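J.: Sharing a structure below in structure tokens format, with a few things to ask.
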Amino acid sequence: MSQLSGDQLAVSAQGLGKSFGGTTALDGLDLAVPAGTVYGLLGPNGAGKTTAIRLLATLTAPDTGWARVAGFDVAREPERVRRSIGLAGQHAAVDEGITGRENLTLVGRFHHLGAREARRRADELLERFGLAAAGDRLVRGYSGGMRRRLDLVACLVTRPPVLFLDEPTTGLDPRSRGEIWDAVRELTAGGSTVLLTTQYLEEADRLADTVMVLDHGRAIADGPPGRLKAAIGTRVQVVVDDAGQLPAAAGVLAAVTGGEPVSDRDRRQVEALSLPGREVLLPALVRALDAAGVAARDVALRTPSLDDVFLALTAERQAA
Ligand SMILES: Nc1ncnc2c1ncn2[C@@H]1O[C@H](COP(=O)(O)OP(=O)(O)OP(=O)(O)O)[C@@H](O)[C@H]1O
Ligand SMILES: [Mg+2]
């Protein structure tokens with residue numbers, strides 16, 4: 001299957017909606033995923049991530065809106081969409097009773113590869129994704145990470161240009177997670193487009209060119225991770241020796257960050273998030289604390305993580 005060229009959208013959608021009984025799982029999703037990029041759908045349990053993937057993979061039909069995948073319309077050309085995608089679901093779908101190599105060969109045969117070509121492709125993929133040594137062992141004996149990797153590799157047998165990975169690393173230890181990340185990077189280096197869902201913000205931060213935060217079936221933010229983080233400012237923490245100095249420290253933080261400081265007397269700490277676009281520099285902060293006569297024991301500036309973005313966004317919604 002040929003790869004899409006770089007200026008094409010591998011996945012596009014507008015107004016995608018899906019309800020189950022009284023539950024609106026997806027409420028008007030718009031997507032534009034350029035070919036050759038990694039797109040991360042983030043969101044808590046029940047946000048609609050799996051539903052979005054299922055609609056795009058033609059496993060279920062949308063109630064509203066449209067979507068195109070690899071240039072084909074999911075409603076009108078589902079067969080062509082299916083031939084253009086690989087899908088690794090939220091739960092690994094490999095057969096435990098046979099070996100990794102046999103699993104991959106079966107997938108190839110299922111997709112009408114000849115016996116020799118199916119074996120060749122299995123060997124190639126096992127080698128490329130670090131499973132060659134385990135290839136002849138029963139999958140039953142694989143670790144969770146190896147199983148996930150095999151599941152991911154199984155959807156590459158047909159060289160699909162677009163891959164959907166639903167929570168590819170949930171429940172994996174950091175090392176196995178790193179191995180999956182490497183595999184995803186390797187795929188996009190080869191020109192594939194990856195749309196993945198995750199509950200791990202760090203994962204989206206490391207892997208995705210663009211992320212969308214979903215909540216209750218709606219997008220509440222999207223953009224490159226760096227831009228989302230820049231939009232919420234820097235987190236500044238000051239720990240003082242004497243809790244009596246917390247008000248003075250809070251005054252300094254309010255002036256320096258433009259934000260609203262929150263004090264914690266037990267930890268003798270005051271914390272504030274700077275206004276978006278306002279630069280906070282450590283030397284200036286230390287000088288201001290000194291000038292106010294605050295004896296600071298610890299001063300920390302932390303650029304926001306995607307976790308901060310997520311918390312800020314969901315707090316805004318709760319307040320609204
Ligand atoms: N087949 C279904 N029948 C009824 N309700 C469903 C069905 N599929 C999804 N839902 C509901 O739609 C909402 C979105 O579910 P979805 O599985 O898309 O969320 P998710 O973001 O993938 O969550 P998780 O992180 O738990 O995997 C949930 O409220 C869920 O209960
Ligand atoms: Mg899900």
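J.: Give me a count of the residues in the stretch 188-221 that are on the phi > 0 side of the Ramachandran plot and within 16 Å of ligand 2 (Cβ to nearest atom).
T.: So the answer is 2.
J.: For the stretch 32-60, which positions are over 24 Å from Ala183 (Cα atoms) and more than 16 Å from ligand 2 (Cβ to nearest atom)?
T.: Residue satisfying the conditions is Thr58 alone.
J.: Please specify each residue of the stretch 86-102 satisfying the condition of being closer than 19 Å to Leu187 by Cα and more than 16 Å from ligand 2 (Cβ to nearest atom).
T.: Answer for the stretch 86-102, where residues must be closer than 19 Å to Leu187 by Cα and more than 16 Å from ligand 2 (Cβ to nearest atom): just Gly86.
J.: Ala75 - would you say it is more than 30 Å from Asp136 (Cα to Cα), of a type in the set (A, V, I, L, M) and out of contact with any strand residue (DSSP E or B) (no Cβ under 6 Å at 6 or more places or on another chain)? If you could, list the steps in order and put the result at the bottom.
T.: Working: more than 30 Å from Asp136 (Cα to Cα): yes; of a type in the set (A, V, I, L, M): yes; out of contact with any strand residue (DSSP E or B) (no Cβ under 6 Å at 6 or more places or on another chain): yes.
In short, yes.
J.: Can you list the strands (runs of 3 or more DSSP E) lying wholly within the stretch 22-135 that have 1 or more residues being hydroxyl-bearing (Ser, Thr, Tyr)?
T.: 23-34, 38-42, 64-69
J.: List, please: which pairs have Cβ atoms under 7 Å, are six or more places apart or on different chains, and start with a residue in the stretch 119-134 that is under 16 Å from Val94 (Cα atoms) and end with one that is part of a loop (DSSP other than H, G, I, E, B)?
T.: From the stretch 119-134, the pairs are Leu125/Leu156; Leu125/Val157; Leu126/Ala132; Leu126/Gly135; Ala134/Tyr142.
J.: Something else about it: Would you please list the contacts, defined by Cβ atoms under 6 Å and residues six or more apart or on different chains, that run from a residue in the stretch 47-60 that is in contact (Cβ under 8 Å) with a residue 60 or more places away in the chain to a residue that is hydroxyl-bearing (Ser, Thr, Tyr) and near ligand 2 (Cβ under 8 Å from one of its atoms)?
T.: Matching pairs, first to second residue: Lys49/Thr197.
J.: Would you check if Ala122 is more than 16 Å from ligand 1 (Cβ to nearest atom), among the hydrophobic types (A, V, I, L, M, F, W, C) and surrounded by fewer than 20 Cβ atoms within 10 Å (Cβ to Cβ)?
T.: no
J.: So, one more: Among Arg109, Arg83, Arg116, which is modelled with pLDDT of 95 or more and either at negative phi or not charged (D, E, K, R) (or both)?
T.: From the options Arg109, Arg83, Arg116, the qualifying one is Arg116.
J.: Is it the case that Asp63 is away from ligand 2 (no atom under 16 Å from the Cβ) and under 28 Å from the mean Cα position of the chain (by Cα)?
T.: Yes.
J.: Can I ask one more? Just checking, does the stretch 81-90 include any residue being out of contact with any helix residue (DSSP H, G or I) (no Cβ under 8 Å at 6 or more places or on another chain), of a type outside the set (Lys, Arg) and open to solvent by 40 Å² or more (accessible area, probe 1.4 Å)?
T.: No, every residue in the stretch 81-90 fails to be out of contact with any helix residue (DSSP H, G or I) (no Cβ under 8 Å at 6 or more places or on another chain), of a type outside the set (Lys, Arg) and open to solvent by 40 Å² or more (accessible area, probe 1.4 Å).
J.: Which residue, of Arg148, Arg185, Arg137, is farther than 23 Å from Leu214 by Cα, within 16 Å of ligand 2 (Cβ to nearest atom) and not polar (S, T, N, Q)?
T.: Arg148
J.: Does Gly22 meet the test of being small (Gly, Ala, Ser), out of contact with any strand residue (DSSP E or B) (no Cβ under 6 Å at 6 or more places or on another chain) and within 14 Å of ligand 1 (Cβ to nearest atom)? Break it down stepwise before answering.
T.: Values: small (Gly, Ala, Ser): yes; out of contact with any strand residue (DSSP E or B) (no Cβ under 6 Å at 6 or more places or on another chain): yes; within 14 Å of ligand 1 (Cβ to nearest atom): yes.
Taking the combined requirement at face value, the residue satisfies it.
J.: Inspect all residues belonging to the stretch 10-19 and state whether any of them is open to solvent by less than 30 Å² (accessible area, probe 1.4 Å), farther than 15 Å from Ile220 by Cα, among the hydroxyl-bearing types (Ser, Thr, Tyr) and within 16 Å of ligand 2 (Cβ to nearest atom).
T.: Checking the stretch 10-19: not a single residue is open to solvent by less than 30 Å² (accessible area, probe 1.4 Å), farther than 15 Å from Ile220 by Cα, among the hydroxyl-bearing types (Ser, Thr, Tyr) and within 16 Å of ligand 2 (Cβ to nearest atom).
J.: In the stretch 140-162, what count of residues is obtained for those that are under 18 Å from Ala122 (Cα atoms) and either out of contact with any strand residue (DSSP E or B) (no Cβ under 9 Å at 6 or more places or on another chain) or assigned to a helix (DSSP H, G or I) (or both)?
T.: Of the residues in that region, 10 qualify.
J.: When the residues of the stretch 56-73 are filtered to those that are within 16 Å of ligand 1 (Cβ to nearest atom) and closer than 22 Å to Ser192 by Cα, which remaining residue is most open to solvent (accessible area, probe 1.4 Å)?
T.: Initial filter on the stretch 56-73 (within 16 Å of ligand 1 (Cβ to nearest atom)): 56-65, 67.
Cutting the leftovers down to closer than 22 Å to Ser192 by Cα gives us 56-59, 67.
Values: Leu56: 1, Ala57: 4, Thr58: 21, Leu59: 94, Ala67: 1 Å².
Among those that are within 16 Å of ligand 1 (Cβ to nearest atom) and closer than 22 Å to Ser192 by Cα, it is Leu59.
The values are calculated or read from the model by the stated rules, or taken from the named source; none is laboratory data. Owing to the predicted nature of the structure, the values given are computational and were not obtained by experimental measurement. With ideal geometry, Cβ positions are generated from the backbone for all residues, glycine too; neighbour counts draw on all protein chains shown. For accessibility, only protein heavy atoms count, side chains too; no ligands or nucleic acids. Shrake-Rupley method; radii C 1.70, N 1.55, O 1.52, S 1.80 Å.
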